[in-house]
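Participant: Sharing a structure, written as structure tokens. Questions coming.
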Amino acid sequence: MLSNAHPLELLALVASVVMPMWNIPLIIKIFRRRSSADLSMYWLWGVWGCMLLMLPWAFLTKDNVLRVFSCVNFVLFSGVAVAVMKFRKVPDARN
């Protein structure tokens, strides 16, 4: 699969795994603060929804970099979504 890959493809493949790892500090920050108030729900679900819509193409493409990036990014960003929902403050409707 990658034995005859171009060195730039290998570099891009490594970057496609490393870049989504930046979601991990965000997840840790949410858990430490026990709050996700500084994140917009529109942004969260907009980004997650676009990733979900792109995922089927990632499974079909022959481009290894796109496939790996899409899968790793979707999984890790889903972790962000879970963390945000866990610590989401729902406004009190009784006020």
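Participant: Can you tell me which residue within segment 1-11, out of those that are in a helix (DSSP H, G or I) and open to solvent by 90 Å² or more (accessible area, probe 1.4 Å), is farthest from Phe74 (Cα to Cα)?
Facilitator: Among those residues, the one meeting the criterion is Pro7.
Participant: Got a number for residues in segment 75-95 being closer than 18 Å to Ala15 by Cβ and surrounded by 17 or more Cβ atoms within 10 Å (Cβ to Cβ)?
Facilitator: 2
Participant: Another question, if that's okay. For segment 35-46, name all the residues that are more than 14 Å from Val82 (Cβ to Cβ) and either surrounded by 14 or more Cβ atoms within 10 Å (Cβ to Cβ) or not acidic (Asp, Glu) (or both).
Facilitator: Ser35, Ala37, Ser40, Tyr42, Trp43, Gly46, listed by residue number.
Participant: Moving on. Against the condition open to solvent by 60 Å² or more (accessible area, probe 1.4 Å), assigned to a helix (DSSP H, G or I) and under 30 Å from Ala5 (Cβ atoms), how does Leu66 come out, does it pass?
Facilitator: no
Participant: Okay, next question. Do we find that Asn73 is in contact (Cβ under 8 Å) with a residue 12 or more places away in the chain and touching an Asp or Glu at 6+ places or on another chain (Cβ under 9 Å) in this structure?
Facilitator: no
Participant: Would you check which residues across segment 15-34 are aliphatic (A, V, I, L, M) and farther than 17 Å from Met85 by Cα and list them?
Facilitator: Ala15, Val17, Val18, Met19, Met21
Participant: Another question, if that's okay. Among the residues of segment 12-33, are any among the hydroxyl-bearing types (Ser, Thr, Tyr), more than 14 Å from the chain's Cα centre (by Cα), surrounded by 13 or more Cβ atoms within 10 Å (Cβ to Cβ) and at negative phi?
Facilitator: no
The values are calculated or read from the model by the stated rules, or taken from the named source; none is laboratory data. Keep in mind that what you see is a predicted model, and the values were worked out from it rather than measured. Glycine gets a Cβ as well: all are built from the backbone with ideal geometry, and neighbour counts include every protein chain shown. The protein model used for the area step is the full one, side chains on, heavy atoms only, and it has no ligands, DNA or RNA in it. Shrake-Rupley method; radii C 1.70, N 1.55, O 1.52, S 1.80 Å.
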